[in-house]
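Read through the structure below, which is laid out as structure tokens, and then see the notes.
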């Protein structure tokens, strides 16, 4: 049978909206853009996911347990894709080991595979304690089966794979490595100054002269959210956390209790809960400073960082290799966990009244084009 003129691509991931996962949010935009470029694209995902408009979505997996291997393979082989593109990690996989064996078994079935590692198993990527380092080390072992297949491995941060744990590095010889960055899941706010003033008035009312300090991102221990209330002061700042706190999540439950127990902050902070992406963009743009006090450090693939940079608002964040204000990026870097340094830097940013400088960056259309080029290259080589 003759080949069709374009490849059929099946994307595999565990989460799509309304499930909470930054990778899932990104893949909605990527899949839609790829589809508009003429490549037949479909998604195989969890039962709890929603359909992606304009993309054939198979909400098929009730669990990503290794015991569902035959069920998964049968579905993929029935769909007859030319390429299977798998995303790692994805919160919808939960503790299931099946995704990490998929590349190997598809390779055995001569199905071309691309793996994208959004968070590669580097040394303690999000660890802030010994127990977390041990936990992260154990979790990193899940990636061992990923190395068994000969396929293409996409890194979203240039050079990130050089930081792999030492026993993984020799295994990279089985991979063809490609670099394709990610973009913000949040678009640039279209608001003018008057509209942004209205956004600010939702939090700073009746002539309140305090500065609006905004955090955005999924709440995890390494994000350093508690530190914000040591860096900022209720007298000088109003803090907005663009986040959802789930009482069924142990860390988020403890964070909620921490916030409830803060003295002096009763009328000086807000947890927004879920906001539509347009409202997130508007609030990030309306802020005086966006604060992202990672206990590890920020990376170019952090979606919250990319979203804030796109608005041009000055950002206070952390780095292990950079300290001080980068005028080109409009970002002030501090050492992780250095509360005094971050407190002084926040005041410095506000005193200098740093103007907004929107980031001119690659978008999802450009990223989709990189993917399409890769798909055609693989397809032609089959």
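Rule-based calculations on the coordinates, nothing more; no lab input. Quick caveat, the model's predicted, so the values are computed rather than measured. Cβ sites come from the backbone with ideal geometry, for glycine too, and all protein chains shown count toward neighbours.
Brief remarks follow.
- Panel order for 191, 21, by other beta carbons found within 10 Å of each beta carbon, from fewest to most: 191, 21.
- Potential extension, residue 51-residue 274 segment - 0.36 nm per residue separation minus Cα distance: 78.3 nm
- Exposure proxy shown here: for 304, 321, the number of other Cβ atoms within 10 Å sets the order, fewest to most, as 321, 304.
- A prolate overall shape is assigned to the chain, the ratio a/c of its alpha-carbon gyration tensor axes (a ≥ b ≥ c) being 1.5 or greater and a/b exceeding b/c.
- Zone of residue 94's modelled label, taken as backbone nitrogen in the stretch 54-68 under 20 Å from a point 7 Å along Cα→Cβ: 58-68
- Prolate/oblate/rounded call for the stretch 193-351, Cα gyration tensor, a/c under 1.5 rounded: rounded
- Prolate/oblate/rounded call for the stretch 309-382, Cα gyration tensor, a/c under 1.5 rounded: prolate
- Packing-based order for 24-32, 141-149, using average beta carbon neighbours within 10 Å, highest first: 24-32, 141-149
- C-alpha long axis of helix 130-140 to longest principal axis of the chain, angle in °: 30 degrees
- For the stretch 193-351: relative contact order, % (alpha-carbon pairs under 8 angstrom, 6 or more apart): 24 percent
- For the chain, the longest principal axis of the C-alpha atoms and the axis of helix 277-286 are separated by about 30°.
- Relative to the longest principal axis of the Cα atoms of the chain, the long axis of helix 364-381 makes an angle of roughly 20 degrees.
- In the chain, the DSSP-assigned H stretches of four residues or longer account for a calculated mean residue ellipticity at 222 nm of -10000 deg cm²/dmol, using -39500 (n - 2.57) per stretch and the full residue count as denominator.
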